[in-house]
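Below: the structure, in C-alpha cells.
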C-alpha cells in the first residue's frame, strides 16, 4: 500500500526538512520586508525644498536606514541562521535573490567607508563576508628604474658559485653586509 499524500514516506519525497521558503518569490517577499522594516525613502530636495527629479521624471530618493542592514540581521528577520542562508544560496533557483540581498548590505557598508572615520569594523566585515582584499603590487626594477638584469648562473665558474653561496650563507646567518662585486 502506498503512503498517504503528505506523508514523509510518500513517493517523490526526497527527505530532509521542508524548505522554509518553498519558492523564490516567498523568499524575496520576506527579504524585501526585512529591508523595508529597517529603512525609509526620503525624497532628495533642492535648496528651495522642491523634489529633484531624474532624467526620466521620477523623483530621486535617498534610502535612510533606521538600523544598519546586515546579513545576520536579515537572517534573524528570516528566522534562519547563516548556514541555512548559505544553503539557500547554493540552490540555483535562490542564488540570485540571496546575492541581490547581500549586495544591498555590501553597498551600505561600502558607502559607510566614505562617511565615517571608524572603518576598521567595516573593512573587517567586507573582507570576511564579501571577499574584499587588500592588494599590494611590488615592482622590481634594475638601476635607475631600468629593466632588472639577471645573469645566467651557468655563466659562472664552479669557484664563483661556491664563493657566492658562502657569501650568501654568511650574510643570512650573521646579518653581515657583504660586497659581492667581482674583483676582476
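The values are calculated or read from the model by the stated rules, or taken from the named source; none is laboratory data. Being a predicted model, the structure only gives us computed values, none of them experimental. Don't worry about glycine lacking a Cβ; one is built from the backbone with ideal geometry, like all the others, and counts go over all protein chains shown.
From 139, 166, grab the single residue that is modelled with pLDDT under 85 and either farther than 30 Å from residue 22 by Cβ or assigned to a loop (DSSP other than H, G, I, E, B) (or both).
After ruling out the rest, the residue left standing is 139.
For residue 150, are the conditions met, namely being in contact with a helix residue (DSSP H, G or I) (Cβ under 9 Å, 6 or more places away or on another chain) and farther than 19 Å from residue 64 by Cα?
No; evaluated as a whole, the condition is false for this residue.
State yes or no: is residue 77 surrounded by 10 or more Cβ atoms within 10 Å (Cβ to Cβ), over 20 Å from the mean Cα position of the chain (by Cα) and either part of a helix (DSSP H, G or I) or at pLDDT 95 or above (or both)?
Yes: the conditions hold for residue 77.
Test residue 165 against the criterion of being over 14 Å from the mean Cα position of the chain (by Cα) and surrounded by 12 or more Cβ atoms within 10 Å (Cβ to Cβ), and give yes or no.
In short, no.
When the stretch 92-132 is examined, which residues are found to be assigned to a loop (DSSP other than H, G, I, E, B), surrounded by 13 or more Cβ atoms within 10 Å (Cβ to Cβ) and within 14 Å of the chain's Cα centre (by Cα)? Outline the logic, then answer.
The first filter runs over the stretch 92-132 and keeps only residues assigned to a loop (DSSP other than H, G, I, E, B), leaving 114-119, 131-132.
From what's left, surrounded by 13 or more Cβ atoms within 10 Å (Cβ to Cβ): 119, 132.
Passing the criteria: only 132.
Just a yes or no: is a residue in the stretch 133-154 surrounded by 10 or more Cβ atoms within 10 Å (Cβ to Cβ) and within 19 Å of the chain's Cα centre (by Cα)?
no
Where the second residue is surrounded by 13 or more Cβ atoms within 10 Å (Cβ to Cβ) and at pLDDT 95 or above and the first is at positive phi and lies in the stretch 67-96, which pairs have Cβ atoms under 9 Å and are six or more apart or on separate chains?
79/30
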